[in-house]
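Everything below concerns the one structure shown next.
The values are calculated or read from the model by the stated rules, or taken from the named source; none is laboratory data. Note that this is a predicted model, so its numbers are computed, not measured. Cβ placement follows ideal geometry from the backbone for every residue including glycine, while neighbour counts extend to all protein chains displayed. Quick note on the areas: whole protein, heavy atoms, side chains included, nothing else; ligands and nucleic acids left out. Shrake-Rupley method; radii C 1.70, N 1.55, O 1.52, S 1.80 Å.
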Amino acid sequence: MTDETEIEPIEITYDEDLYPARPKRLRPRSNLRASNIRRSFSDPRSADASNPSYVEWLTRQSMLRDAEVLGRGLSGQPSMWRHPYARPDARRAIRTASVWFTAYPISLITAPGQSYLAALGEDALWEAFEKIGITAVHTGPVKLAGGITGWTSTASVDGHFDRISTQIDPAFGSDDEFRQVSDAADRHGGSVIDDIVPGHTGKGADFRLAEMGYKDYPGIYHMIEIPEEDWHELPPVPDHRDSVNLDAATEKRLADLGYIIGQLQRVIFYSPGTKETNWSATAPVLGADGRTRRWVYLHYFKQGQPSINWLDPTFAGMRLVIGDALHSLGDLGSSALRLDANGFLGVEKSAEGTPAWSEGHPLSEAANHLIAGMVRKVGGFSFQELNLTIEDIRDTGRVGADLSYDFINRPAYQHALAMGDSEFLRLTLRTSLSTGVQPVGLVHALQNHDELTYELVHWATLHRADLYPFRDEEMTGAQLAETIRADLVAKLTGEAADYNLVFTTNGIACTTASVIAAAQGLTTLDSITDDHIDDIQRAHLLLVMFNAWQPGVFALSAWDLLGMLPLPSSEVRELIAEGDTRWIHRGAHDLMDVDTDAVVSSSGMPRGRSLYGSLPDQLGREDSFASQVSRVLSIRSTLGIDVGTQLDIPDVAHQGMLVMVHRLDEGDASMEDARIQVTVLNFTGETIEGTVRSEALTPRRTVYDATTGEEIGRVDDLQSFTVRLEPYAGLCLLGRDAEEEAASEDSDEAPA
């Protein structure tokens, strides 16, 4: 027997293998149809199932067809087995992308003739992002959206979140330009985050084929064929429409007849005469088999956003969504995906007389596990926009997306600013901790394309009868939610600020700057002058410090970086005519001064008013908003606050103060020498003094300002120290013991 050669084992760790900065593209785009498909087409023949060419035309454009092609190309390939995928890990995701810029395609002003994606791929923009500390760009939805009527495409009904194709919308650029954004990010140490929409599509080729009863396509959606003998139960559809929303009485009749599960737990975007239920009925549609059908279909959101069925026997909806995700990660070069509206993927009939189970359903958890697992399997990560209870966020996060959008504290910090009182914010932070949701697993954001959401689902639904201490009394969760909503409406809209508008039952249409302006007593847009900019900027920076000086992802938008105000309602009158007031806060903006004369974006959005100026201008001034944000983010990165652990939200000496205590341990509870970091904030426009006290503090340690090295005080034997804060100021504090202090004095320099 010969001697065996000793082979040294190679250790492969999750840290090395789990999240490469950008996953390798899995297949070339030649696997799919050519990009830039024609959105409209003229054909003298019938645009219905009687014309085989029309059915074939729809099939070529369908997302399900693309998913099948992509799936066949990836199946059995070694690239599908290189990454662990079972467990989400927020900290590994954060190390890939800690600070995000959230873009909105239709609002970015580009150079003349330049596409949105080409603008995002400019090295000058990424150089500015590097200076600020931004490490990822969330592109926003850029794939084809809207619908198809006959041979013609129709516009998006929800800001391109009614996707109908895997292809990039030519209005925003091309597939190749998206890849160039990914390459530019790579050159500057950044990442690109794309979107998928697992809950619904638009009324594109897939929905039109489903209406025809063609192959597996009806299985994509929650749609039920109503027999012709019961068509009299359905409302008539006007000639210029393809469907009509059911009223509550019709919804109940169809539920009683056993066709649909009826009323759901809530009606999102409720509007009398427009959306009274979550169900709509189609007009008669000729099928591919020669039969004419009428359907009733579910749509959690708008009528043009039919909901996907995640438990149909064909699993067609699942195949469509997974295919879209793999296309973004493997073909376009994204590093991560946002899961839009992913909390509504399961519905189930409940007991007689009660709404159907449609929120927090186990099927949503299972579906999210599948999506997030597949994303991790090809080397990416995902985050979810789940506006449900904290328990739902916790439970879904155990197996699903790596990160969750912070719907818990976002309305609360706006409330703290509006009221000059952090009591509700302290309650939300503590509730999150006690429920098992650490802030490291959350995406803490300033403004995005949506409204200031104040549904407060955790308190208004599951915990509506629970009691909470608030304002020296006990309130039920339902009363608490109603009180906070009333405060926000009274302080931020109407006579208090006519430029912020209520958006249905969901929240308030506003920018971060306009929330601050309202909180500071400025009632009209014209009353906001240059003299007010410093005060607004100071409060804006406070909100940056709240979101950035705690563990988790920090996200901000161009509307934040430039200090944008809402558009006057008159400039978007047609867009808000049916109640979608969010268009007022989506004003066009020129980040890099590429077209200073433009009054609208290339998509036609009117240019908004910027209080702070462009990024090139700001980065040339030390006192600008962007330059000060850069310093806040530098401290965050240097100390590793983003991957730390939150320990305590102490009581405060002044109602406008907030204190957050963190352990800088990278999530390792066994780390013996982990430092304690304290964030102290003043949510008022006045100078305040108060005591910081926490059991996490070590007595007799010197407390110093991490940004300046200045000594702030000393922790006494009651584990407390005193601070003084200027209006809207914040402090990032660290402690040092006698040995560290001596070393600091010997080196005669402030600690890093």
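Structure notes:
- Elements of the type strands (runs of 3 or more DSSP E) sitting completely within the range 470-560 and holding at least 3 residues that are farther than 24 Å from His458 by Cβ and either β-branched (Val, Ile, Thr) or open to solvent by 20 Å² or more (accessible area, probe 1.4 Å) (or both): there are none.
- Selection status of Gly353, over 18 Å from Phe381 (Cβ atoms), in a loop (DSSP other than H, G, I, E, B) and open to solvent by 10 Å² or more (accessible area, probe 1.4 Å): yes
- Which listed residue, of Ser115, Ser156, Ser107, Ser98, is among the small types (Gly, Ala, Ser) and open to solvent by 30 Å² or more (accessible area, probe 1.4 Å): Ser156
- Residues of the range 593-616 that turn out to be out of contact with any helix residue (DSSP H, G or I) (no Cβ under 9 Å at 6 or more places or on another chain), surrounded by 15 or more Cβ atoms within 10 Å (Cβ to Cβ) and either of a type in the set (Asp, Glu) or more than 18 Å from Ser557 (Cα to Cα) (or both), as a count: 2
- Just so you know, in the range 665-710 the residues that are among the β-branched types (Val, Ile, Thr) and surrounded by 19 or more Cβ atoms within 10 Å (Cβ to Cβ) include one that is farthest from the chain's Cα centre (by Cα), and it is Val703.
- Residue in the range 732-748 that is under 17 Å from Ala653 (Cβ atoms), modelled with pLDDT of 95 or more, open to solvent by less than 20 Å² (accessible area, probe 1.4 Å) and not in a strand (DSSP E or B) present: no
- Restricted to the range 235-267, and to residues there that are in contact with a Ser or Thr (Cβ under 8 Å, 6 or more places away or on another chain) and of a type in the set (Asp, Glu), the residue that is least open to solvent (accessible area, probe 1.4 Å) is Glu251.
- Thr435 meets all of the listed conditions (1) out of contact with any Asp or Glu (no Cβ under 9 Å at 6 or more places or on another chain); (2) open to solvent by less than 30 Å² (accessible area, probe 1.4 Å); (3) farther than 30 Å from Ile134 by Cα; (4) of a type in the set (S, T, N, Q) but one, namely (1).
- Criterion: open to solvent by 10 Å² or more (accessible area, probe 1.4 Å), modelled with pLDDT of 90 or more, within 30 Å of Ile94 (Cα to Cα) and β-branched (Val, Ile, Thr) - qualifying residue of Ile371, Ile390, Ile322: Ile322
- Cβ pairs under 8 Å, 6+ apart, first in the range 48-75 and over 17 Å from Arg163 (Cβ atoms), second of a type in the set (Ser, Thr, Tyr) and open to solvent by less than 30 Å² (accessible area, probe 1.4 Å): Asp48/Tyr54
- Among the residues of the range 218-234, those that are open to solvent by less than 30 Å² (accessible area, probe 1.4 Å) and within 19 Å of Gln303 (Cβ to Cβ) comprise Pro218, Ile220, Tyr221, Met223, Ile226, Leu234.
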